[in-house]
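Written below as structure tokens is the structure these notes are about.
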Amino acid sequence: MKIAIADVKFDAVGLVPVVVQDARTRRVLTLAYMNAESLARTLETNETWFWSRSRSCLWHKGETSGNTQRVVDVLLDCDGDALNVFVVPNGPACHTGAESCFHNHIQDAGSFEGLEAGAPTNASGLAEVLDNLYALVESRKRERPEGSYTTYLFDQGLDKILKKVGEESAETIIAAKNDDLGSLVKESSDLLYHLVVLFVERGLSLERLHDELVSRRK
């Protein structure tokens with residue numbers, strides 16, 4: 001259901017709590033606050049704007065660090081007094097440099113079915129690795145640091161990238177045919193890396209891939 005800013009129930013000082021999540025990994029990145037103006041700017045610019053309670057002013061995420069957040073979706077909870085914002089982050093969300101502000105484990109928090117509290121499953125851990133790799137490859141394409149193999153691939157262009165994808169695909173097939181699990185892991189990792197380079201070169205986001213896979217599952 002589509003809602004308007006007027007439907008949001010701001011508190012007595014005009015604020016509403018906002019849970020920000022990575023749209024690709026679903027990891028919670030931060031908890032912040034918005035007022036009506038910052039919510040309006042968020043919707044207008046498709047980047048997150050918050051209200052800084054400590055400085056009493058509007059705050060555009062990434063205005064100094066460059067770690068902006070592209071907004072994918074904004075949801076209002078059933079009571080109308082909390083927001084859930086899904087974003088594609090351009091860098092870490094936390095001022096410490098951590099991907100998420102939620103990275104400190106509470107002592108003796110317990111466990112669940114043998115997993116440390118807060119520890120990612122294998123699936124979410126792989127998603128996080130791919131997300132970080134994609135962000136790194138994007139930065140290599142943008143900044144082109146000298147001596148970087150990724151820079152070399154982008155400088156050589158699409159044909160070189162496609163050739164490497166083909167080579168790594170063939171080597172992955174050979175490793176699987178030879179029943180060599182260790183080699184298969186290494187060659188598959190090389191293939192995934194070069195596929196990510198190809199995705200960045202052609203402007204294909206991991207979010208698009210995620211949505212396609214989810215639609216096929218349905």
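The values are calculated or read from the model by the stated rules, or taken from the named source; none is laboratory data. Fair warning: this is a prediction, and the values are worked out from it, not measured in the lab. Glycine also receives a Cβ, built like all others from the backbone with ideal geometry; neighbour counts cover every protein chain displayed. Protein only, heavy atoms only, side chains kept; ligands, DNA and RNA dropped before computing areas. Shrake-Rupley method; radii C 1.70, N 1.55, O 1.52, S 1.80 Å.
Annotations
- Taken over the range 9-36, the criterion of being closer than 21 Å to V214 by Cβ, assigned to a loop (DSSP other than H, G, I, E, B) and touching a strand residue (DSSP E or B) at 6+ places or on another chain (Cβ under 6 Å) is satisfied by A23 alone.
- The set of residues in the range 134-152 that are without any contact (Cβ under 8 Å) to a residue 60 or more places away in the chain and within 17 Å of L162 (Cα to Cα) comprises Y149, T150, T151, Y152.
One line per residue, one yes/no per condition, for (1) farther than 28 Å from V72 by Cα; (2) of a type outside the set (D, E, K, R):
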| site | (1), (2) |
| --- | --- |
| Y134 | no, yes |
| E143 | no, no |
| Y152 | yes, yes |
| D159 | yes, no |
| K163 | yes, no |
| E167 | yes, no |
| K186 | yes, no |
| L192 | no, yes |
| R216 | no, no |
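- Of all the listed residues (E207, E167, E201, E171), the sole one being without any contact (Cβ under 8 Å) to a residue 12 or more places away in the chain and not in a loop (DSSP other than H, G, I, E, B) is E167.
- Each residue in the range 141-152 was checked for being open to solvent by less than 70 Å² (accessible area, probe 1.4 Å) and assigned to a helix (DSSP H, G or I), and 3 of them qualify.
- Meets criteria (of a type outside the set (G, A, S), open to solvent by less than 30 Å² (accessible area, probe 1.4 Å), within 26 Å of L136 (Cβ to Cβ) and at pLDDT 95 or above) for T30: no
- E212 being acidic (D, E) and surrounded by 14 or more Cβ atoms within 10 Å (Cβ to Cβ): no
- When restricted to residues that are among the acidic types (D, E) and open to solvent by 40 Å² or more (accessible area, probe 1.4 Å), the range 199-209 contains 1.
- D155 being farther than 28 Å from F86 by Cβ, part of a helix (DSSP H, G or I) and not basic (K, R): yes
- Of the residues making up the range 51-77, those that are of a type in the set (G, A, S) and either open to solvent by less than 30 Å² (accessible area, probe 1.4 Å) or more than 23 Å from R26 (Cα to Cα) (or both) number 4.
- Tabulated pairs, the range 10-34, first touching a residue at least 24 places away in the same chain (Cβ under 8 Å), second surrounded by fewer than 22 Cβ atoms within 10 Å (Cβ to Cβ) and among the basic types (K, R), C-beta under 7 angstrom, 6+ apart or interchain: Q21/R27
- Among residues of the range 176-198, those that are open to solvent by 60 Å² or more (accessible area, probe 1.4 Å) and either of a type in the set (V, I, T) or not in a helix (DSSP H, G or I) (or both), counted: 4
- Beta carbons closer than 9 Å, at least 6 apart along the sequence or on distinct chains, pair a first residue in the range 57-80 that is over 27 Å from L206 (Cβ atoms) with a second that is charged (D, E, K, R) for L58/E37; L58/R41; D79/K9; G80/D7; G80/K9.
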